[in-house]
């Protein structure tokens, strides 16, 4: 870190501190801490809205815990959506599991997350049907991150 | 079917694109921003990198830096991705979707500068990367607070007068966009743009400017 003589008026010293590149992350962190403190003090005034668009219920006895959404396969399951008219096939495949996955779900109570994460598991209709664009954007971010990492790894210096 | 509750801020809406619960829209304001981002993305596609000339003061000497399109391949790819993310953020009609596109703009900005080999540029990119990583906390934190306190994420509902979005969520959103887009921190950008390859590097400025204009519209409307 470059250190210069602390001459000049107060405002020129402040401006010099801000213009130092090494102080950038610290500057942002100070701003963030200040806002977080305001947030911590106003936290009691925030009320949780009971009428959630994407409700979450936890059924600890289910083998699909914590991703149990209920319903029967290829039948209409009740899935809430902000604009149901935009998702006409909502609720049809929520409960579908492939035979292998059904076997896992019937015999082990602790693999709920694995079942969701592997192909043929629970199809989360909230993610893939009503909020499909989010899924596309998330995977694009991952792709960009991998592309940068690959470029940095492979470049010749 | 979809109508914006308030048209005084961004003008009348032109048309909507429906993706399930995410209903993207174009108003006069966001369509202007979208067109600007689109123009700049096309510019990135068709233009060749600029060549810099260093002039030695006190003499007649000057150096031309040799920049070939092959060296700029990765920057160009990242600038294109940045342009697409900006386009997405301009038309997004959902708070979480907007934050996702914003963080994508942040990470592509890091990608644009990470490919340079000059030390001062990489140093600035490192500092900027730290800030962009910290900024994801307030960015997605604001989306979480909005979902918890209002029960919805769609801007069509949030812009209405019946739903009150807490002030802290708005401040978090602006803070997150500040960190991702680096709008007020021009220190790092000044270091970054001293690198060659003008049209690609300038995408950083364009995307953060447009993001800031968009987040102002969202925060005022909510």
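Values in this text are rule-based calculations from the coordinates and carry no lab data. Everything numeric here is computed off the predicted structure, so don't read it as measured data. As a convention, Cβ positions derive from the backbone with ideal geometry for all residues, glycine included, and neighbour counts pool all protein chains shown.
Brief remarks follow.
- Longest to shortest principal axis, alpha-carbon extents of chain A, angstrom: 75, 54, 35
- Note on B:150, A:72: ascending count of other Cβ atoms within 10 Å places them as A:72, B:150, the fewest first.
- Between residue B:55 and residue B:70, the simple label model (points 7 Å from Cα in the Cβ direction) yields a spacing of 3.2 nm.
- Nearest 10 degrees, 0 to 90: helix B:119-150 Cα axis against chain B principal axis: 0
- Between residue B:120 and residue A:37, the FRET efficiency from the beta-carbon distance, with R0 = 30 Å, is close to 0.30.
- Ranked list, fewest to most other Cβ atoms within 10 Å of each Cβ, for B:112, A:104: A:104, B:112
- Residue separation of residue A:146 and residue A:61 scaled by 0.36 nm, minus their Cα-Cα distance, works out to 26.8 nm of gained length.
- Two-decimal Rg to Rh for the range B:18-72 - Kirkwood Rh, Cα set: 1.33
- With respect to chain A, whose longest principal axis is taken over its alpha-carbon atoms, helix A:132-154 is tilted by about 50°.
- Taken as Cα centroids, the range B:92-160 and the range B:54-77 sit 32 Å apart, rounded to the nearest whole angstrom.
- Between 0 and 90°, nearest 10: helix A:10-19 axis offset from chain A longest Cα axis: 50
- Structural descriptor for the range B:13-221: relative contact order 25 percent, calculated from alpha carbon pairs under 8 angstrom and at least 6 residues apart.
- Cα gyration tensor shape of the protein assembly as shown, rounded if a/c is under 1.5, else prolate or oblate by comparing a/b with b/c: prolate
- Quotient of Cα Rg and 2.2 N^0.38 Å for the range A:6-58, N being how many residues it contains: 2.02
- Length-normalised contact order for chain A - Cα pairs under 8 Å, 6+ apart - percent: 16
- Kirkwood hydrodynamic radius of the range B:96-167, Cα pairs, Å: 14.0
- Modelled spin-label separation between residue A:138 and residue B:28, with each label point placed 7 Å from Cα along the Cα-to-Cβ direction: 3.8 nm.
- Per residue, the convex hull spanned by the Cα atoms of the range B:1-126 measures out at 158 cubic angstrom.
- Likely footprinting exposure, B:78, B:133, fewest C-beta neighbours within 10 Å first: B:133, B:78
- Label point 7 Å beyond Cα of residue B:18 along Cβ direction - residues of the range B:70-108 with amide nitrogen under 17 Å: B:93-94
- Cβ-Cβ FRET estimate between residue A:47 and residue B:7, R0 fixed at 35 Å, reported to 0.05: 0.75
- If the Kirkwood radius is taken over C-alpha pairs of chain B, then at 37 °C and 0.692 mPa s the Stokes-Einstein diffusion coefficient equals 178 µm²/s.
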